[in-house]
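Notes follow the structure.
The values are calculated or read from the model by the stated rules, or taken from the named source; none is laboratory data. What you see is a predicted model; the values in this text were computed from it and never measured. Counting neighbours? That spans all protein chains shown, and the Cβs are built from the backbone with ideal geometry, glycine included. Side chains are part of the model used for accessible areas, which takes the heavy atoms of the whole protein and leaves out ligands, DNA and RNA. Shrake-Rupley method; radii C 1.70, N 1.55, O 1.52, S 1.80 Å.
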Amino acid sequence: MDDETRSYDVVVIGAGPVGENLAERAQAGGLDTVIVESELVGGECSYWACMPSKALLRPVLARADARRLPGLADAVAGPLDAAAVLARRDAFTSNWNDDGQVGWLDSVGVDLVRGHGRLDGPRRVTVATPDGGTVRLTARHAVAVCTGTTAALPPLPGLADVRPWISRDATSAKEVPGRLLVVGGGVVAVEMATAWQALGSQVTLLVRGSGLLPRMEPFAGELVADALREAGADVRFGVSVTSVAREGGADGEVRAVLDDGSTLAADEILFATGRNPHTDDLGLDTVGLTPGDWLPVDDTLRVTAVEDGWLYAAGDVNHRALLTHQGKYQARIAGAVIAARAKGEPLDDGPWGAHVATADAAAVPQVVFTDPEIASVGLTLEEAERAGLRVRAVDYELGNVAGASLYGDDYRGKARMVVDLDAGVLAGVTFAGPGVGELLHSATVAVAGQVPVARLWHAVPSYPTISEIWLRLLETFRG
């Protein structure tokens with residue numbers, strides 16, 4: 001329990017994928033770097049979000065695909081082996097052990113300090129270590145905040161006594177609940193409803209709004225809702241939970257009262273109702289910021305409200321795009337920018353270029369791993385129109401593409417490209433259907449690269465693949 005003081009070029013708070021990438025890029029740029037972590041190195045994505053959730057969902061989607069194929073459908077007619085699925089999920093989280101991630105930090109030369117890090121004035125971070133000691137870190141060039149977000153829970157009386165699931169519980173649960181209430185209609189809600197319904201839960205999905213996935217094209221949520229209902233889930237729209245209680249002790253059932261006065265009972269209740277920035281106990285007040293706030297940044301990921309330009313924020317905590325791959329993208333840029341500024345080099349050198357955060361606004365890709373999958377990049381039709389663009393939406397039924405019909409019988413899906421008519425490029429693309437996640441990068445290249453629609457005719461899709469949807473969309477656009 002010793003106190004010590006150290007100095008580094010760069011101090012990174014948060015060792016999730018974002019912090020790891022930023023630290024590695026800064027270190028590769030010639031700056032000695034330390035990273036601070038209070039939980040597991042590898043962060044939310046590795047242990048409670050991306051990896052475990054997709055490990056749960058992959059068998060669900062593979063079985064759904066198999067059920068669409070004569071000659072295979074009968075072989076997968078039975079239930080999933082839930083114990084095997086959960087064991088594979090555990091393997092993908094390394095059983096919540098971060099030795100491998102720590103070894104990677106060692107391999108790239110980044111130091112690790114375990115404990116809770118807080119800002120303590122400009123360029124200073126104080127770490128309360130698990131053994132009760134204190135490590136005081138001083139940054140010669142930059143401090144980077146990469147602490148991500150935490151689950152947002154509604155202000156319901158007695159909610160803490162109910163011990164509700166949040167996303168972490170939904171991805172790490174050791175047993176399949178007999179009945180599961182899921183509150184929310186966004187990505188976490190629909191993915192976890194899909195997973196646990198397939199693993200044997202009776203899922204009831206309670207959505208305050210009128211549809212699922214409200215930030216995507218409307219047809220995406222409609223297809224997912226139809227599939228959840230066909231799988232046996234109860235999907236209800238326009239409802240809110242007004243109170244919850246757990247009856248009969250710690251293992252008793254949860255009772256949720258809805259705004260229409262009805263009551264639902266379940267073994268567990270998951271609230272997937274948004275995210276808050278993980279900045280409430282970060283010492284923001286010591287540098288003139290408000291604890292608990294998001295950290296707005298400029299296009300170099302530098303926090304705009306702090307003088308002298310020493311504080312950076314990458315990933316979910318800056319509220320630009322709450323996705324792991326976007327956070328890692330930002331982190332690579334921020335690490336390179338910090339190194340360039342420290343050495344007095346121009347920012348437009350190297351692979352990242354001067355326009356460091358363009359894709360955060362114009363070409364953010366996202367896949368929702370439901371059945372059917374949803375994949376989107378760029379603007380929806382509504383967003384494009386709201387932005388004042390003169391656009392045209394071009395739709396096509398994915399099931400009419402030869403590759404889709406071969407993928408599985410009764411293939412249901414839809415594609416939309418939103419064309420910026422004045423610029424002659426794509427403002428956004430959305431695919432909904434089995435297996436469409438692997439289509440997304442082609443759309444991302446088209447949107448991020450602002451490829452002229454006239455040029456897309458020369459990117460010839462292979463036959464017979466689902467990618468032939470590109471040809472059909474272009475033909476429909478031409479009319």
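Starting from the Cα of residue 455, step 7 Å along the direction of its Cβ; do the same at residue 58; then give the gap between the two resulting points in nm.
Each label point is offset 7 Å from its Cα along the Cβ direction, giving 3.5 nm.
Could you pull the Rg and Dmax for segment 327-479, using just the Cα atoms, both in Å?
Here Rg and the maximum Cα pair distance are 17.5, 60 Å.
Between residue 345 and residue 96, what length comes free when the chain is fully extended (0.36 nm per residue of separation minus the Cα-Cα distance, one decimal in nm)?
Net length gain for the segment: 85.6 nm.
Taking R0 as 22 Å, what's the FRET efficiency between residue 229 and residue 69 from their Cβ-Cβ distance, rounded to 0.05?
0.45
Could you tell me what percent of the DSSP beta bridges with both partners in the chain are antiparallel, to the nearest 5?
Around 60 percent antiparallel, to the nearest 5.
Output needed for segment 383-432: three equivalent-ellipsoid semi-axes, defined as square roots of 5 times the C-alpha gyration tensor eigenvalues, in descending order, whole Å.
Working: eigenvalues 158, 18, 9 Å².
After scaling each eigenvalue by five and taking roots: 28, 9, 7 Å.
So for segment 189-232, considering every pair of alpha-carbon atoms, how many percent are separated by more than 17 Å?
Counting pairs separated by more than 17 Å, the tail of P(r) holds 27 percent.
Taking a temperature of 4 °C and a viscosity of 1.567 mPa s, what whole-number D in µm²/s does Stokes-Einstein yield for the chain with Rh from Kirkwood over alpha carbon pairs?
Rounded to a whole number, D works out at 54 µm²/s.
When only Cα pairs under 8 Å and 6 or more residues apart are kept, what is the percent relative contact order across the chain? Intermediate values should be presented prior to the final figure.
Numbers: 1031 pairs, mean separation 71.2, N = 479.
About 15 percent, as a whole number.
Taking all protein chains as present, what is the carbon and sulfur share of the accessible area of the chain, in % to the nearest whole number, probe 1.4 Å?
On the chain, the fraction of accessible area on carbon and sulfur atoms equals 50 percent.
In terms of modelled amide H atoms, which long-range or inter-chain residues lie less than 5 Å from the amide H of residue 465?
403
State the Cα centre-to-centre distance between segment 214-256 and segment 1-42 in whole Å.
40
7 Å from Cα along Cα→Cβ at both residue 385 and residue 478: what's the point-to-point distance in nm?
Placing both labels 7 Å along Cα→Cβ, they lie 2.8 nm apart.
Heavy-atom accessible area per residue, the chain, 1.4 Å probe: how many Å²?
43
How big is the Kirkwood radius of segment 267-403, worked out from every pair of different alpha carbons and given in Å to one decimal?
The answer is 18.0 Å.
Can you give the convex hull volume per residue for the Cα atoms of segment 398-479, as a whole number of Å³? Intermediate results must be reported in sequence, preceding the final value.
Details: hull volume 6.7 nm³, N = 82.
Per residue, the Cα convex hull of segment 398-479 comes to 81 Å³.
Can you list the residues, at least 5 places off or on another chain, whose amide H is less than 5 Å from the amide H of residue 280, using H built in the peptide plane?
For residue 280, whose amide H was placed from the backbone, the distant partners under 5 Å are 292.
For segment 38-165, what class follows from the C-alpha gyration tensor (a ≥ b ≥ c being the square roots of its eigenvalues): rounded when a/c is under 1.5, otherwise prolate if a/b is larger than b/c, else oblate? Before the final figure, lay out each step's value.
Numbers: a/c = 3.07, a/b = 1.95, b/c = 1.57.
Prolate is the answer for segment 38-165, as a/c is 1.5 or above and a/b outweighs b/c.
Take peptides 379-387, 57-65 and line them up by average Cβ neighbours within 10 Å, highest first, as a rough protection proxy.
Ranking the peptides 379-387, 57-65 by packing returns 57-65, 379-387.
Rounded to the nearest 20 Debye, what is the dipole magnitude of the chain about its Cα centre when Lys and Arg each give +1 and Asp and Glu each give -1 at the C-beta?
Working: 41 positive and 63 negative charges, 165 e Å.
Rounded to the nearest 20 debye, it is 800 debye.
Taking a point 7 angstrom from the Cα of residue 294 along the C-beta vector, which residues in segment 178-216 have backbone N less than 18 Å away?
In segment 178-216, the label zone of residue 294 (backbone N under 18 Å from the point 7 Å along Cα→Cβ) covers 186-188, 214-216.
Among the Cys residues of the chain, which have no other cysteine Cβ under 4.7 angstrom away?
Lone cysteines by the Cβ rule: 146.
Extension gain residue 152-residue 397, at 0.36 nm per residue separation less the Cα-Cα distance, in nm?
Gain on stretching residue 152 to residue 397: 84.5 nm.
Could you compute the FRET efficiency for residue 120 and residue 253, with r as their C-beta to C-beta distance and R0 at 60 Å, rounded to 0.05? It would help to have the intermediate numbers written out before the result.
Working: r = 46 Å, r/R0 = 0.77.
E(calc), rounded to 0.05, equals 0.80.
With unit charges on the beta carbons (Lys and Arg positive, Asp and Glu negative) and the dipole taken about the Cα centre of the chain, which residue among 314, 11, 388 sits farthest to the positive side?
388
Using per-residue counts of other Cβ atoms within 10 Å, averaged over each peptide, order 420-427, 440-447, 176-183, 237-244 from highest down.
Ranking the peptides 420-427, 440-447, 176-183, 237-244 by packing returns 176-183, 440-447, 420-427, 237-244.
When Rg is the radius of gyration of the Cα atoms in segment 121-252 and Rh is its Kirkwood radius, what does Rg/Rh come to?
Numbers: Rg = 20.0 Å, Rh = 17.8 Å.
Radius of gyration relative to Kirkwood radius: 1.12.
For segment 127-138, in order, what is each residue's ³J(HN,Hα) by Karplus, 6.51 cos²θ - 1.76 cosθ + 1.60 with θ = phi - 60°, in whole Hz (x at glycine and Pro)?
Coupling constants for segment 127-138: 10, 8, 7, x, 8, x, x, 9, 10, 9, 10, 10 Hz.
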